[in-house]
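Below: one structure, written as structure tokens.
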Amino acid sequence: MIEFAVESRPVRAYQAAPSHSDGPGVLVLHAWWGLTPVFTGVCDRLAREGFVALAPDLYNGQTADKIEEAERLAQSLDPEATSKVVNAAVERLREHEGVRGDRMGVIGFSLGSGFALTMGGPVAAIVTFYGTTYPEWSWAKAAFQGHFAENDPYEPAEYVRGLEDSLRRAGRDVTFYTYPGTSHWFFEPNRPEYNAQAADLAWRRTLDFLRLHLSD
């Protein structure tokens, strides 16, 4: 765990880097459960694959394992203040001596996707797990990849199609996948909705996508 300041307020984050090498930077934005071991584990997995990963704690140390608790935490977020934390985390990641190149990646999970999908600047590759949002895309320069569940009351198929269509109309590089027989949270091994086969395939696709768009 590391700490950095945003407008004089301390922010916790988890950081992982490859041993004995440098690599492209990837920001990880957690789901509404908070910065749990699932998402610090994503950072560790990225580091083993040659990326420098950073996951800011958007809840300042709080976590949840029940949906009702997670909803309460998500509703307590100030979107403007959280966006400042996310942007500061990008800058902190860029300053890491092990980060190679100017292009950054971001992976957002559910709640985190709402922030990931609106990122510009040095972000060249955006991956969303389950989440959608519909901002104005005129700023967008990144390529987009999405991983979605077939049976998802939070993000129904029409939301996913709407996001994909809006990105294509904006001229963005976009590839979305829907995993048959899965539900929201299918990627997270501590959830009953976890689907190992779909999660493994989504992870391999994510790595290929990041390597393609963040390589020198």
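Of all residues in the range 165-181, which are open to solvent by less than 70 Å² (accessible area, probe 1.4 Å) and basic (Lys, Arg)?
The first filter runs over the range 165-181 and keeps only residues open to solvent by less than 70 Å² (accessible area, probe 1.4 Å), leaving 166-167, 170-172, 174-177, 179, 181.
Of everything in the range 165-181, just one residue is open to solvent by less than 70 Å² (accessible area, probe 1.4 Å) and basic (Lys, Arg), namely 172.
Please work out which residue is nearest to residue 36 (Cα to Cα), limiting yourself to the range 182-202 and to residues that are open to solvent by 50 Å² or more (accessible area, probe 1.4 Å) and in contact with a helix residue (DSSP H, G or I) (Cβ under 8 Å, 6 or more places away or on another chain).
Here is the first cut: in the range 182-202, the ones open to solvent by 50 Å² or more (accessible area, probe 1.4 Å) are 189-190, 192-194, 196-197, 200-201.
Still in the list and also in contact with a helix residue (DSSP H, G or I) (Cβ under 8 Å, 6 or more places away or on another chain): 189-190.
Details: 189: 12, 190: 10 Å.
That would be 190.
Is there a residue being farther than 29 Å from residue 185 by Cβ and open to solvent by less than 30 Å² (accessible area, probe 1.4 Å) anywhere in the range 104-119? Before you say what the answer is, go through the steps one by one.
Restricting attention to the range 104-119, the residues satisfying the condition of being farther than 29 Å from residue 185 by Cβ are none.
No, every residue in the range 104-119 fails to be farther than 29 Å from residue 185 by Cβ and open to solvent by less than 30 Å² (accessible area, probe 1.4 Å).
Considered as a group, the residues in the range 53-80 that are outside any loop (DSSP other than H, G, I, E, B) and of a type in the set (A, V, I, L, M) include one that is surrounded by the most Cβ atoms within 10 Å (Cβ to Cβ), and that residue is 53. Might you check whether a residue that is β-branched (Val, Ile, Thr) and open to solvent by 10 Å² or more (accessible area, probe 1.4 Å) occurs anywhere in the range 156-163? Yes, the range 156-163 has at least one match. When residue 21 is tested against the conditions (1) buried (at least 20 other Cβ atoms within 10 Å of the Cβ); (2) in a loop (DSSP other than H, G, I, E, B), the lone failure is (1). Scanning the range 166-211 for residues that are among the small types (Gly, Ala, Ser), closer than 29 Å to residue 66 by Cβ and not in a helix (DSSP H, G or I) gives 181, 183. In a residue-by-residue description of the range 172-190, the property of being of a type in the set (A, V, I, L, M, F, W, C) and more than 16 Å from the chain's Cα centre (by Cα) applies to no position.
The values are calculated or read from the model by the stated rules, or taken from the named source; none is laboratory data. As the structure is a computational prediction, the values presented were derived from the model and not from experiment. Backbone-built Cβ (ideal geometry, glycine too); neighbour counts: all protein chains shown. Heads up: the accessible areas ignore ligands, DNA and RNA and are worked out on the full protein's heavy atoms, side chains in. Shrake-Rupley method; radii C 1.70, N 1.55, O 1.52, S 1.80 Å.
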